[in-house]
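Shown next, in structure tokens, is the structure this report addresses.
We did not get these values from a lab; they are worked out from the coordinates using the rules stated. Note that the structure is predicted; figures quoted are calculated from it, not measured. Ideal geometry is used to build each Cβ from the backbone, glycine not excepted, and the neighbour counts take in all protein chains shown.
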Amino acid sequence: MVIMTTASSHSFEPVLARIAEEIERTPGRGRPADYIPALAACDPRRFGMAVAELDGTVYGVGDWREPFSTQSITKVFTLALDLAREGDALWEHVGREPSGNPFNSLVQLEYENGIPRNPFINAGALVVTDRLQTRSSDASGELLAFLRAESGNPALDFDQDVAASESAHGDRNAALAHFMASYGNIDNPVPVLLDQYFRQCSVMASCADLALAIGFLARHGIRADGDRLLSQSQAKQVNAVMLTCGTYDAAGDFAYRVGLPGKSGVGGGIIAVVPGRCTLCVWSPGLDERGNSVAGVAALDRFTTLTGLSVF
């Protein structure tokens, strides 16, 4: 297994090599997200992992430079961008508690008056995207510009085929948006919101791109250029919600195994943050029954075990 880095030597290198070798021997890798046709053909044996230090130095293994569909990983960045604009007023429209239900569930919305449990289930992400759309007039465009700047990769872009595929099979998300609109918790026309949301989820990026882009949370709110996006308190809030809600109804197990704030996407990626030290992204398209990468969770589990880098 070849390791490529931007520096000659670092203790992360043997750790990444060992993890990749262990993952290669793992027989069960789960199944790709076949309910999104554009993702169904992904090879579940693909694997990449990157670690980015606070100064932008990146270490990687496997398919760490291969772009993949980020999907729900982008919800973290949209949350940060809106929180930076409107502050605590956001939390009047979306909660901060684990849902205990699948990420696309409608169950809780009715008896909780159209207020989603957290920003990372689909209903909550729709609310956050809606609020950013109101404030920016182009939520997905603002997201893309942010990801390009933080990753240093101006080639990042939407995958129009994935966005179209999700739109064609997006009845559940449309139902969530219309239901919340009936409670006055959506400002924009639902078709506009859905277009922004599907574009947001279709961003293609690599493990290296995403490990760099999420660095502001490890730097307690400071962007790559030294400007502050979030206050230290707000960065803490986003990390906390990632830890408790970032892997849907498997968040407790993820915290138990990995011990880091993390956010998964059904494209097979997971980002994770070691505050004050580094950030990670791992990708492998095979998912478990809760929508999280089987190999990705295992790799992050091994990383924190081997390095001792955890919030606990």
Completion exercise
The local net charge around Arg31, scoring Lys/Arg +1 and Asp/Glu -1 for residues other than Arg31 whose Cβ lies under 10 Å from its Cβ, equals -2
Exercise for the section: Over the range 3-307, calculate the relative contact order: mean separation of alpha carbon pairs under 8 Å at least 6 apart, over the residue count, as a percent. Expected result: 27 percent
Fill in the blank from the handout: FRET efficiency (Arg96, Glu22; Cβ distance; R0 35 Å; to 0.05) is 0.50
Problem - In range of the label at Asp34: residues from the range 69-99 whose backbone nitrogen is under 20 Å from the point 7 Å along Cα→Cβ - result: 69
Handout entry: Simple label model, 7 Å out from Cα along Cβ direction - Asp171 to Thr57, nm
Key = 5.3 nm
Handout entry: Value at 222 nm in deg cm²/dmol, rounded to 500, when DSSP H runs of n ≥ 4 in the chain each add -39,500 (n - 2.57)
Key = -13000 deg cm²/dmol
Practice task
For Arg135 and Val311, compute 0.36 nm times the residue count separating them, minus their Cα-Cα distance, and round to one decimal in nm.
Solution key: 60.0 nm
Completion exercise
By the C-alpha gyration tensor axes a ≥ b ≥ c (rounded if a/c is under 1.5, else prolate when a/b exceeds b/c, else oblate), the shape of the range 44-89 is oblate
Handout entry: Two-decimal Rg to Rh for the range 122-258 - Kirkwood Rh, Cα set
Key = 0.97
Completion exercise
Yeah, the range 84-153 with a ≥ b ≥ c from its alpha-carbon gyration tensor (a/c under 1.5 is rounded, else prolate when a/b outruns b/c, oblate otherwise) is prolate
Completion exercise
Per the Cα gyration tensor, the chain corresponds to an equivalent ellipsoid with semi-axes, largest first in Å, of 29, 21, 18
Problem - Label-point gap, in nm, between Ala155 and Glu110 - each point 7 angstrom along Cα→Cβ - result: 4.9 nm
Practice task
State the Cα centre-to-centre distance between the range 236-311 and the range 93-159 in whole Å.
Solution key: 18 Å
Problem - Isolated Cys in the chain, by beta carbon distance under 4.7 Å - result: Cys42, Cys201, Cys245, Cys278
